[in-house]
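See structure below.
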Amino acid sequence: MRKHWAALACVALLLPLAGCVREPESALRIGTNVWIGSEPLYLARELGHLDPDIVQLVEYPSASEVLRAFRNEAIDGMVISLDELFGLAVDGLQPRIILVVDVSHGADVVVGRPGMRSMTDLKGKPVAVESGALGAYVLSRALALNGMRASDVNVVHLESNEQPSAFVKGQVDGAVTFDPYRTQLLRAGATTLFDSTQIPGEIVDLVAVRATVLEKQPNAVQALLTGWFSALDYLKREPRDAAHRMGIRQQTTGEQFLDALKGLHIPSREENLRMLGGPTPELAVSGRRLMALMQEEKLLRAPIEINEVLAPGPLASSPP
């Protein structure tokens, strides 16, 4: 009988402690599309700096499908452009930016048929645009800066991976695109009519996670950040090998991959901290300008408070 009461007493003592034990974290699922800016994540995984049991990379054919997966809660986070993130935030999906992966400086382009010299040559012509917000944004800026309107071209909604074959078949005369599809289109004879150097700082790619992830999966978030910067360090130390590895996934040579990277600025950890944190985060300043442009172009139905989507905490607390 004494043993019975002793056992009950032990159970009574252990029960409150059981409630304090944190449940083991599930793997953090991060969605990406085929884009050179996402490749350091895959390089980190290949080098063994990103444990797939902790962070799972899920690749989709297009950015539109990444957005859809996030909306459907099939993934916990994603590589996404800032303009696309605004749309998710307006819809109440609570994305939180933990990392700026790149700023486009020539990587996003509008291309046209051989012989075309400017955006005005696309007037009345079919132009392929991915159904997500980024393609529409790039096209609207390219048209506006050339004194044109959306009604001046015939928009054909095609996912990025479908655009090169549509161009080759003559189904479209232009496309809003990025690498590796930009390279495929140029090989097919396309000419560049507009690129993101003409809209500096406006196209920013990020890693964003659901707000609940920051509380429930902090270790996985730290692992992702550590893996990312480990891959960037390797890219600096061994650019040829890193580019060769990343080029295989992008179906390009290492040299072509390094050339494509010239169209991106990849912020360092220190730059990231300035962009996401501090009394006046740089991304909040440029983001408000972008938001105003999007509302002007009817690409965003309402503004958001941009500081609410910035989450510098994980990066600030991660080891340098």
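Listing for the model above:
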quantity	calculated
Under 11 Å, Cβ to Cβ, from residue 162 - net charge with Lys/Arg +1 and Asp/Glu -1	-1
Computed P(r) (all Cα pairs; the stretch 46-94; 10 Å bins; percent)	23, 49, 24, 5
Translational diffusion of the stretch 53-178, µm² s⁻¹ [Kirkwood Rh, Cα pairs; Stokes-Einstein; 37 °C; 0.692 mPa s]	207
Hydrodynamic radius (Kirkwood) for the stretch 208-320, which is based on Cα pairs only, to one decimal in Å	16.6
Cβ-based net charge around residue 41, under 13 Å, with every Lys or Arg adding one and every Asp or Glu removing one	-2
Estimated inter-spin distance, residue 280 and residue 233, nm [label 7 Å along Cα→Cβ]	3.3
The stretch 164-269 - percent of accessible surface contributed by carbon and sulfur, probe 1.4 Å	51
Residues in the stretch 49-71 that a label on residue 241 would reach, taking backbone N under 15 Å of a point 7 Å out along Cα→Cβ	49
Cα Rg, Dmax, the stretch 96-149, angstrom units	13.5, 44
Sum of side-chain charges, residue 278 neighbourhood, beta-carbon under 15 Å (Lys, Arg +1; Asp, Glu -1)	-1
The chain, accessible area per residue, ligands and nucleic acids excluded (1.4 Å, Å²)	47
Cα radius of gyration and Dmax for the stretch 64-131 (Å)	16.2, 45
Loop-located trypsin sites (Lys or Arg not before Pro) in the stretch 239-313, at most 11 other Cβ atoms within 10 Å (DSSP)	262, 298, 301
Mean separation of Cα contacts under 8 Å (6+ apart) over length of the chain, as relative contact order %	26
Ratio Rg/Rh [Cα only; Rh per Kirkwood] for the stretch 134-205	0.94
Cα-based equivalent ellipsoid of the stretch 124-267: semi-axis lengths in Å, sorted from largest, via gyration tensor	31, 21, 14
For the chain: lysine pairs under 25 Å (alpha-carbon distance), excluding those fewer than 8 apart on one chain	5
Relative intensity, log₁₀ I(q)/I(0), of the stretch 161-203 from a Debye sum that treats every alpha carbon as a point, q = 0.15, 0.34 Å⁻¹	-0.37, -1.30
In order through the stretch 66-78: 3J(HN,Hα) via Karplus (6.51 cos²θ - 1.76 cosθ + 1.60), integer Hz, x for Gly, Pro	5, 4, 5, 5, 5, 4, 8, 6, 7, 10, 9, x, 6
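The values are calculated or read from the model by the stated rules, or taken from the named source; none is laboratory data. Bear in mind the structure is a predicted one, so any value in this text is a computation, not a measurement. Virtual Cβ from ideal backbone geometry, glycine too; neighbours counted across all protein chains shown. Heads up: the accessible areas ignore ligands, DNA and RNA and are worked out on the full protein's heavy atoms, side chains in. Shrake-Rupley method; radii C 1.70, N 1.55, O 1.52, S 1.80 Å.
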